[in-house]
Amino acid sequence: AWNKASSESLENDKERLLGYYRGLGYFDARVDYKVDYYDSGKFMNVSFIISEGQRYRVRKVNIAGNQYYKTEELMPHF
C-alpha cells in the first residue's frame, strides 16, 4: 500500500516540524515545503525547507509572589 499525499497531510507535517524546532528553542523557525512531480504524475518528491533562525535558551528562572508553595518546592518543576 502506497502512502497518499494531500495538502492537509503536508500542512500537518509542516506544523509538526515547526513545533519540533520551537521545542528546541528556535522560536523564529520557519518551515515550508516544495513539491516536485515526476513526469508520470504518479509520484512526487517533497522537500521541507527549514530556516531555524536564532536558538533561544532560558538563562535564569525566578519565582516571585508565591503564597501557597515555597520557592524550593516549585523550582524542581522548572
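For the stretch 29-49, give me the residue count where each residue is within 10 Å of the chain's Cα centre (by Cα), open to solvent by less than 70 Å² (accessible area, probe 1.4 Å) and more than 17 Å from E8 (Cα to Cα).
So in the stretch 29-49, the residues within 10 Å of the chain's Cα centre (by Cα) come out as 29-31.
Next cut, open to solvent by less than 70 Å² (accessible area, probe 1.4 Å) only: 29, 31.
Filter once more, keeping what is more than 17 Å from E8 (Cα to Cα): 29.
Count: 1.
Looking at the stretch 26-46 only, could you name the residues that are of a type in the set (G, A, S) and closer than 13 Å to A5 by Cα?
Filtering the stretch 26-46 for residues of a type in the set (G, A, S) gives 29, 40-41.
Matches in the stretch 26-46: G41 only.
List the pairs whose first member sits in the stretch 24-43 and is within 30 Å of R57 (Cα to Cα), whose second member is surrounded by 11 or more Cβ atoms within 10 Å (Cβ to Cβ) and basic (K, R), and whose Cβ atoms are under 8 Å apart, counting only residues at least 6 apart or on separate chains?
Sorted first by the residue in the stretch 24-43, then by its partner, the pairs are L24/R55; G25/R55; Y26/R55; A29/R22; V31/K14; D32/K14; Y33/K14.
Of the residues Y26, Y21, which single one is surrounded by 12 or more Cβ atoms within 10 Å (Cβ to Cβ), aromatic (F, W, Y) and not in a helix (DSSP H, G or I)? It would help to see each step written out before you state the result.
Working: Y21 fails: not in a helix (DSSP H, G or I).
Exactly one of Y26, Y21 is surrounded by 12 or more Cβ atoms within 10 Å (Cβ to Cβ), aromatic (F, W, Y) and not in a helix (DSSP H, G or I), namely Y26.
Considering only the stretch 38-55, state which residues are of a type outside the set (S, T, Y) and in a loop (DSSP other than H, G, I, E, B).
Here is the first cut: in the stretch 38-55, the ones of a type outside the set (S, T, Y) are 39, 41-46, 48-50, 52-55.
Correct list: D39, G41, K42, F43, E52, G53, Q54, R55.
Kindly indicate the residue of the stretch 56-78 that is of a type outside the set (S, T, N, Q) and assigned to a helix (DSSP H, G or I) and also most open to solvent (accessible area, probe 1.4 Å) among those meeting that condition.
That would be H77.
The values are calculated or read from the model by the stated rules, or taken from the named source; none is laboratory data. Model, not experiment: these values are computed from the prediction. Don't worry about glycine lacking a Cβ; one is built from the backbone with ideal geometry, like all the others, and counts go over all protein chains shown. For the accessible areas, the whole protein counts, side chains as well, though only heavy atoms, and no ligand, DNA or RNA atoms are used. Shrake-Rupley method; radii C 1.70, N 1.55, O 1.52, S 1.80 Å.
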